[in-house]
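The values are calculated or read from the model by the stated rules, or taken from the named source; none is laboratory data. Because the structure is a prediction, the values reported are computed rather than measured. Don't worry about glycine lacking a Cβ; one is built from the backbone with ideal geometry, like all the others, and counts go over all protein chains shown.
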Amino acid sequence: MKKDDKFETGLADSQATPVESMKPDQFDIAAYEDYEQQLLERCSDFWQSDSGILVYRRMRVAEVFSFDSRDMRKSLEWQLGALTQSVKYKADVPNFLEPWYGIGTIASAFGKDYAWHPGQAPAITGKFSTLKEALEYDYSPVHQTPIGKHTLEMIEYFLDKTGGRIPMSFCDMQSPLNIAENIVDINSLMTDFLLDPDSLKQLFAIITELMIDFNRRQKELIGNALVSPGHGFASARSFEGLGMSDDIFIMLSDDLYQDIAMPCFERTASALGSAAFHSCGNWSHKIDLVKKIKGLKMIDAAFSKATDPDANPVEPFATAFDNSGIVVNARIVGLHDTVEEKVKKLWRPGMKLILVTYCKTPAEQEQIYNRIHEICKS
């Protein structure tokens, strides 16, 4: 019986998979290395092609998004457990390690710290009341902040325990716009888009340089293990660019976003060659705006209500991204019927489409995997 496509409010994380943590000395590095190598050729061919289809079974671990994000040992053990489990699910794109998950890394440069409530993800504390206060603050390079140091140490720890042989992304840093909202109270911030855009551009310029510097430090450490675009996106060593979450862009008019926020998004991404864009919720009415981002290579969106309670309609994305050369990273939590229905509406022969599934069992995943490839060959 088909289950209704709805967001389960009783779940801590609708996109998470229960896994068993695994200590580094229990993890078979060579086996995962071989598994990744088997998939790299198809990932590379897809990236170089004008159109195509890949399936990615994302292994997102709820504990790593919440209280255990703070502990590098526990975070690695959860993620190694996820990688081990991931090979049982038929897919085209391998999963990867990710250091620090908490939002607020760049905001730490402005003295913003985390509040750790029991059993919860870290929360940013002490936002500035005004933009003026933020610009007057004597900010520091991110790598000199406690969380910046922790993240770089976490990367080194992950590399040491895996021999640098397992794919790894940057930490989740968000977009300059999202970061600004972590620094200045959002009510004041939104007002300044109209009342003091020049000062706001100063803040965005500072954030952009902080991001570029910290990205380069991460890239230097991770080296050949680096996968792109990173957090939240299907990623591979043969893919390109920097993925950023720009969730509050839907609160801005197109002209304000293009004038103030988009240039900083573009500059941050261009330091790594290209851009990948994510927003939660329904941003279908902003597709034309997003397509104007220079160097855009990939977008991410949710297409079932089980993934996001305000999921995107399928048709606008199918129309807009057919023959565009831009990859659509489509997240679809749901049973076979839901996934098949969405894929049939989304797929066009000229699209570059990555279907991100969250099937509960390897048998269900294989069934959906095969059906997706059947649909996208027709």
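Within segment 211-219, does at least one residue satisfy the condition of being in contact (Cβ under 8 Å) with a residue 60 or more places away in the chain, of a type outside the set (S, T, N, Q) and surrounded by 22 or more Cβ atoms within 10 Å (Cβ to Cβ)?
Yes, segment 211-219 contains at least one residue that is in contact (Cβ under 8 Å) with a residue 60 or more places away in the chain, of a type outside the set (S, T, N, Q) and surrounded by 22 or more Cβ atoms within 10 Å (Cβ to Cβ).
Out of segment 262-282, which residues are surrounded by fewer than 19 Cβ atoms within 10 Å (Cβ to Cβ) and either touching a residue at least 60 places away in the same chain (Cβ under 8 Å) or of a type in the set (A, V, I, L, M) (or both)?
Passing the criteria: only 271.
Would you mind stating whether residue 259 is over 18 Å from residue 344 (Cα atoms), surrounded by fewer than 22 Cβ atoms within 10 Å (Cβ to Cβ) and at pLDDT below 95?
no
Just to be sure, is residue 368 modelled with pLDDT of 95 or more, buried (at least 23 other Cβ atoms within 10 Å of the Cβ) and outside any strand (DSSP E or B)?
For residue 368, the condition - modelled with pLDDT of 95 or more, buried (at least 23 other Cβ atoms within 10 Å of the Cβ) and outside any strand (DSSP E or B) - is met.
Counting just the residues of segment 303-324 that are more than 15 Å from residue 372 (Cβ to Cβ) and touching a strand residue (DSSP E or B) at 6+ places or on another chain (Cβ under 7 Å), which one comes out surrounded by the fewest Cβ atoms within 10 Å (Cβ to Cβ)?
Step by step, filter segment 303-324, then rank; the result is 308.
Are any of the residues in segment 283-294 more than 22 Å from residue 248 (Cβ to Cβ) and crowded, with 17+ Cβ neighbours inside 10 Å?
no
Suppose we keep only residues that are of a type in the set (D, E, K, R) and outside any helix (DSSP H, G or I) within segment 231-290. Which one would you say is nearest to residue 38 (Cα to Cα)?
Ranking the qualifying residues of segment 231-290, first place goes to 237.
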